[in-house]
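Engineer: Quick one: the structure is below, questions incoming.
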Protein chains: 2
Amino acid sequence: MKVSELRIQTARLWQSLEEMAQRGATPDGGVCRLALSDADKEGRDLFCDWLRNLGLTVQIDQVGNILAIRPGSQDEAPVLIGSHLDTVSTGGRFDGAAGVLAGLEVLRTLEEKGIRTRRPLGLVSFTNEEGARYTTDMMGSQAFCGELSVEQVWAIRGLDGTLVGEELRRIGYAGDFPCGAIRPYAYLELHIEQGPQLDRAGIPIGIVEAITGLTWLEVIVRGAANHAGTTPMDNRRDAALAAARIVASLPDLASSIPDQRATCGRFSVAPGIVNVIPHEAIFTVDLRNGDPARLLEAETQFRARVQEISSRSNVLAEIRLLGHVPPQRCDPQVVSVIESVATDLAYPSRRMVSGAGHDAQILARICPTAMIFIPSRDGVSHSPAEYSTPEALEAGANVLLHTALRLAGVERA
Amino acid sequence: MKVSELRIQTARLWQSLEEMAQRGATPDGGVCRLALSDADKEGRDLFCDWLRNLGLTVQIDQVGNILAIRPGSQDEAPVLIGSHLDTVSTGGRFDGAAGVLAGLEVLRTLEEKGIRTRRPLGLVSFTNEEGARYTTDMMGSQAFCGELSVEQVWAIRGLDGTLVGEELRRIGYAGDFPCGAIRPYAYLELHIEQGPQLDRAGIPIGIVEAITGLTWLEVIVRGAANHAGTTPMDNRRDAALAAARIVASLPDLASSIPDQRATCGRFSVAPGIVNVIPHEAIFTVDLRNGDPARLLEAETQFRARVQEISSRSNVLAEIRLLGHVPPQRCDPQVVSVIESVATDLAYPSRRMVSGAGHDAQILARICPTAMIFIPSRDGVSHSPAEYSTPEALEAGANVLLHTALRLAGVERA
């Protein structure tokens, strides 16, 4: 057969996804496979068995990342495919696992058909992408890329009081393969979109051009508590009203900047009594954009708006930076390869910005990187209701396969 | 001397206020005299001593209201002056006590000058006006007027788990004078404004024409939780945004109805995570107006606004009635008497609506009633910073004295 006619086996991929979903399965059809938990160990063990069944050597690095390299004909830097197997506590079957198992299916397809690549082809499952138990998200990929030291990672304490280092030993995944030993030629990650755009548009393949940056701000509004009945409307310093005005203006801010998102996730007032004008309101804003200049523009506009509304409402506002992750552009050449593969395979595709963070944004700092998105039904993720169809997985995995082959090169048999 | 030249003694009134403020005094200069507490007992004991020193018989009724009647020349229904001695936990020296002790000063002045009224003149201190320990506010006056039975009052359980009946016995104020035995000819209450209007305008006397009604609503907004990064702005069901839009519109609602107030006192969102669009927001609204038709109009407008904004924001909203107290008009004739007394005494005055609830609104249901307001500095109350000047108290007590005399009639000696 011609290499261009090569396709993954959808039923095999789907079956593996089903089996993986049994590790940490919850009664509602979801998955709870928190990083380094017993369920995570079960999922890891299953994945390692599958890799060994392909005749591959499994490497566990110092932070528990699971890595296997299928040798190429030449001893060069590998094309690396990866994602994660951990989930949030109320997770689904697809977030992370779809990418790891699509990578596994690529390796199985090549092995089955006896196809040898020029560059080695690697597959990695990173430890603790979600940050649900240990709140440092993308932890394994950060260590892999040298952004966190091994010692830093081991010392991270979880919400349950456990230490990463101890839990790695407990579940048998405290490996000795050095973090940073691999510098990939390129990194590819397939992932569910976790948003509704592909599903709404009926487009099977999203090509991630950039991973969103985010700025998290906390606004503390301070006014004066007073009697709700006796204080005239024009004589108030109402912290709740000022905060509500700011939050109500977020859609307007978002619509003034292309591809901007702005969300209030927390909002509380004090003293919180029905007949007392609140003296304090505290809320958070999550600003996201895939473009650094636009993200900065959103923050600047937001800060100006807070000052304008606070002044008009006769209150004071303080803004605290809770977090900032810069937007990460994907590699234009890798993006182009994915796009031409999708075209050649006759899958409609769309370039897009990932609104969520992924291991790929860490890898993009050390090697050419891009992502393949497949549709999430109704845009739902981090939920037992998370779902992508077998056809969506098939399309994504075939694009992943041929992108990897183009980047790694095929050795004629 | 002519009766029209009669004046209260400011220094004596101020001194009594100072002494009363020592009962339950807090280190910050405030007062904590929660109903039926040890401090309340001390305040009551002091008040009863002062009444007995005037030669009056003190009656304690079945719910602990303290009552003394100075006989008139005719055996008719008394003109009753009253207010309360209990405070909130972080209270001041004036709220309630100013009215009771101004009434005491009226009796002292008449006694000192040997002036006999035609109708008897009564003075009452009602139990638990604040509702701070036992959350049924205006409890004593409600029992006095037959709106609560004695048995109902005894069975009220406080936030600290105590029962009113047991605490009355514990502090020695479980009296046997029957509630409802007195039907006043008229009721007068002097009180601090607890708002800034008189203080801002520099007017010493407020004449309360009506006591505000209130409608307390709780709004539960239900949307859908989703990812703050991956969910497009136009595809959200953001409960926090819809709730913020409603709250931000409250000043507009208030300004469309005369003398309307609208306040959001509680506001919370769920799940309350910085990067998750909230699926639920719950907030309260306190609507107040002294006019029943306007209060109803405000509620109707508010409900329509909630529906309009919820529909536009793609969320559902449910509105629950938490409480309703109808506005209470004061007696026009008593209001006129107060107004002409103020004019005769050369005190500038203004008719106004009380934005807070008072025992007077309960008494107004059984007898002609009106209130005299004196300025609160900066409108502050329920705070150690609560303050009214000796001059303000003097003016108020003189207006109270002459209003009582006109209503009771003076027996020429």
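Derivation of every value follows stated rules applied to the coordinates shown; laboratory data play no part. Quantities reported herein were computed from a predicted structural model and do not represent experimental measurements. Every residue, glycine among them, receives a Cβ derived from its backbone with ideal geometry; neighbour counts consider all protein chains shown.
Engineer: Given labels modelled 7 Å from the Cα in the Cβ direction, how far is it in nm from B:Glu391 to A:Glu411?
Structural biologist: 10.1 nm
Engineer: Between B:Thr135 and A:Leu46, what is the FRET efficiency for a Förster distance of 60 Å, r being their Cβ-Cβ separation, to the nearest 0.05? Walk me through the intermediate numbers first.
Structural biologist: Numbers: r = 58 Å, r/R0 = 0.97.
Here the calculated transfer efficiency is 0.55.
Engineer: Something else about it: Please work out the FRET efficiency for the pair B:Asp344 and B:Leu159, using the Cβ-Cβ distance as r and a Förster radius of 45 Å; give the result to the nearest 0.05. Walk me through the numbers on the way to the answer.
Structural biologist: Details: r = 46 Å, r/R0 = 1.02.
The formula returns an efficiency of 0.45 here.
Engineer: Applying the Karplus parametrisation 6.51 cos²θ - 1.76 cosθ + 1.60 with θ = phi - 60° to the phi angles of region B:89-105, what ³J(HN,Hα) value in whole Hz is obtained for each residue in order, glycine and proline being reported as x?
Structural biologist: Running phi through 6.51 cos²θ - 1.76 cosθ + 1.60 with θ = phi - 60° gives 5, 10, x, x, 8, 10, 4, x, 4, 4, x, 5, 7, 5, x, 4, 5 Hz.
Engineer: What percent antiparallel are the DSSP beta bridges of region B:63-140, to the nearest 5? Intermediate results must be reported in sequence, preceding the final value.
Structural biologist: Details: 5 of 11 bridges.
Antiparallel: roughly 45 percent of the beta bridges in region B:63-140.
Engineer: Suppose you put the label 7 Å out from Cα in the Cβ direction; list, shortest first and in nm with one decimal, how far B:Arg312 is from each other copy's label.
Structural biologist: 1.5
Engineer: What do you get for the angle between helix A:390-408 and the principal long axis of chain A? Use alpha-carbon atoms, 0 to 90 degrees, nearest ten.
Structural biologist: 70 degrees
Engineer: Roughly what % antiparallel, to the nearest 5, for the DSSP beta bridges in the protein assembly as shown?
Structural biologist: Values: 94 of 138 bridges.
Of those bridges, close to 70 percent are antiparallel.
Engineer: Taking neighbour counts of Cβ atoms within 10 Å as a proxy for exposure, in what order, fewest first, do A:Trp14, A:Trp154 appear? Can you show the working numbers first?
Structural biologist: Values: A:Trp14 16, A:Trp154 19.
So the residues, fewest neighbours to most, are A:Trp14, A:Trp154.
Engineer: Quick check on the protein assembly as shown: what does the Kirkwood estimate of hydrodynamic radius come out to from the alpha carbon pairs, in Å? Can you show the working numbers first?
Structural biologist: Details: mean 1/r = 0.0321 Å⁻¹.
Hydrodynamic radius (Kirkwood, Cα only) of the protein assembly as shown equals 31.1 Å.
Engineer: Identify, among B:Thr231, B:Val219, B:Leu295, the residue whose Cα sits farthest towards the positive end of the charge dipole of region B:213-325, taking +1 on the Cβ of Lys and Arg and -1 on the Cβ of Asp and Glu, with the dipole about the Cα centre.
Structural biologist: It is B:Thr231.
Engineer: Sticking with this structure for a sec: How tilted is helix A:332-344 with respect to the longest principal axis of chain A? Cα atoms for both, answer in degrees (0 to 90, nearest 10).
Structural biologist: Helix A:332-344 sits at roughly 60 degrees to that axis.
Engineer: Next question, about the same structure. Rounded, prolate or oblate: pick one for region B:84-149, where a ≥ b ≥ c are the square roots of the eigenvalues of its C-alpha gyration tensor, a/c under 1.5 means rounded, and failing that, prolate if a/b is larger than b/c, else oblate.
Structural biologist: Details: a/c = 5.65, a/b = 1.62, b/c = 3.48.
It comes out oblate by the Cα gyration axes.
Engineer: Here is a follow-up. Once you've got the GNM for chain B with C-alpha springs shorter than 10 Å, pick whichever of B:Asn235, B:Asn53, B:Asn128 has the biggest mean-square fluctuation.
Structural biologist: Among B:Asn235, B:Asn53, B:Asn128, the largest GNM mean-square fluctuation belongs to B:Asn235.
Engineer: Hey, another quick one. Given +1 on the Cβ of Lys and Arg, -1 on the Cβ of Asp and Glu, and no further charges, what dipole in debye does the protein assembly as shown carry about its Cα centre, rounded to the nearest 20? Please list the in-between numbers first.
Structural biologist: Details: 80 positive and 102 negative charges, 188 e Å.
In total the dipole reaches around 900 debye.
Engineer: Right, next: Any idea what the dipole of region B:213-325 comes to, in debye rounded to 20, about its Cα centre with Lys/Arg Cβ at +1 and Asp/Glu Cβ at -1?
Structural biologist: Dipole of region B:213-325, to the nearest 20 debye: 160 debye.
Engineer: Something else about it: Along the three principal axes, how long is region B:254-297 when you take its alpha carbons, biggest first, rounded to the nearest angstrom?
Structural biologist: The Cα atoms of region B:254-297 stretch 44, 15, 14 Å along the principal axes, largest first.
Engineer: With the cut-off at 1.5 for a/c, could you classify region B:213-325 from its C-alpha gyration tensor as rounded, prolate or oblate? Kindly include the intermediate steps, with their values, before the conclusion.
Structural biologist: On the way: a/c = 2.76, a/b = 2.23, b/c = 1.24.
Verdict is prolate for region B:213-325.
Engineer: For a quick size check, give me the Cα extents of chain B along its three principal axes, largest first, whole Å.
Structural biologist: Each principal axis gives a Cα extent; for chain B these are 86, 46, 38 Å.
Engineer: Then there's this: Expressed as a rounded percentage, what relative contact order does chain B have, with Cα pairs under 8 Å and six or more residues apart? Can you show the working numbers first?
Structural biologist: On the way: 975 pairs, mean separation 95.5, N = 413.
It rounds to 23 percent for chain B.
Engineer: Run the paramagnetic zone check for A:Thr300: 7 angstrom along Cα to Cβ, then residues of region A:324-339 with backbone nitrogen under 18 Å.
Structural biologist: Flagged as within label range: A:326-327.
Engineer: In what order do A:Met233, B:Met139 fall by count of nearby beta-carbon atoms within 10 Å, going from fewest to most? Don't skip to the end; give the middle numbers.
Structural biologist: Numbers: A:Met233 17, B:Met139 30.
With the sparsest Cβ surroundings first, the list reads A:Met233, B:Met139.
Engineer: Further, regarding this structure: With springs connecting C-alpha atoms under 10 Å apart, model chain A as a Gaussian network and identify which of A:His402, A:His324, A:His382 has the largest mean-square fluctuation.
Structural biologist: Residue with maximal mean-square fluctuation among A:His402, A:His324, A:His382: A:His324.
Engineer: Positive end of the charge dipole of region A:213-325 (Lys, Arg +1 and Asp, Glu -1 on Cβ, about the Cα centre): tell me which of A:Leu321, A:Ala254, A:Ile309 has its Cα farthest that way.
Structural biologist: Of the candidates, A:Ile309 comes out farthest on the positive side.
Engineer: Using the alpha-carbon atoms, what tilt in degrees (0 to 90, nearest 10) does helix A:292-312 show relative to the longest principal axis of chain A?
Structural biologist: 20 degrees
Engineer: Can you give the average number of partner chain beta-carbon atoms within 10 Å of each beta-carbon in peptide B:256-266, as a whole number? Intermediate values should be presented prior to the final figure.
Structural biologist: Values: counts 0, 0, 0, 2, 1, 9, 3, 15, 11, 13, 10.
Mean shielding by partner chains, rounded to a whole number: 6.
Engineer: From the square roots a ≥ b ≥ c of the eigenvalues of the alpha-carbon gyration tensor of region A:88-231, which class results: rounded (a/c under 1.5), prolate (a/b over b/c), or oblate? Display every interim value, and only then the final one.
Structural biologist: Details: a/c = 2.58, a/b = 1.52, b/c = 1.70.
Oblate is the answer for region A:88-231, as a/c is 1.5 or above yet b/c matches or exceeds a/b.
Engineer: What residue among B:Ile372, B:Ile69, B:Ile220 has the largest mean-square fluctuation in a Gaussian network model of chain B, using Cα springs under 10 Å?
Structural biologist: B:Ile220
Engineer: Follow-up. Where a Cα-Cα gap under 25 Å defines reach, which lysines qualify for A:Lys2, not counting those fewer than 8 residues away within the same chain?
Structural biologist: A:Lys113
Engineer: Sticking with this structure for a sec: Can you compute the charge dipole magnitude of region A:1-121 about its Cα centre, using +1 on each Lys and Arg Cβ and -1 on each Asp and Glu Cβ, nothing else charged? Give it in debye, rounded to the nearest 20. It would help to have the intermediate numbers written out before the result.
Structural biologist: Details: 15 positive and 17 negative charges, 108 e Å.
Rounded to the nearest 20 debye, it is 520 debye.
Engineer: Here is a follow-up. What percent antiparallel are the DSSP beta bridges of chain A, to the nearest 5? Kindly include the intermediate steps, with their values, before the conclusion.
Structural biologist: On the way: 47 of 69 bridges.
Counting DSSP beta bridges with both partners in chain A, the antiparallel share is about 70 percent.
Engineer: Could you work out, for region B:176-246, what percent of all Cα-Cα pairs fall into each 10 Å distance bin, beginning at 0 Å and stopping at the bin that holds the largest distance?
Structural biologist: Using 10 Å bins, I get a P(r) of 12, 22, 15, 17, 16, 13, 5, 0 for region B:176-246.
Engineer: Provide a whole-number value for the mean count of partner chain Cβ atoms within 10 Å of the Cβ atoms in peptide A:279-286.
Structural biologist: Working: counts 0, 0, 2, 0, 5, 5, 2, 8.
If you average over the peptide's residues, the count of other-chain Cβ atoms is 3.
Engineer: Where does each of A:Lys2, B:Lys113, B:Lys41 land when they are ranked from fewest to most other beta-carbon atoms within 10 angstrom? Mind dumping the intermediate values first?
Structural biologist: Details: A:Lys2 5, B:Lys113 12, B:Lys41 19.
By the 10 Å Cβ count, ascending: A:Lys2, B:Lys113, B:Lys41.
Engineer: Grab the beta carbon distance between B:Arg312 and A:Glu308, set R0 = 22 Å, and tell me the FRET efficiency rounded to 0.05. Working shown, then result.
Structural biologist: On the way: r = 24 Å, r/R0 = 1.09.
So the FRET efficiency works out to roughly 0.40.
Engineer: Now for a separate question. Would you mind listing the distances between the B:Thr10 label point and the same position in each other copy? Use 7 Å along Cα-to-C-beta, nm, one decimal, shortest first.
Structural biologist: Output for B:Thr10: 9.3 nm, nearest copy listed first.
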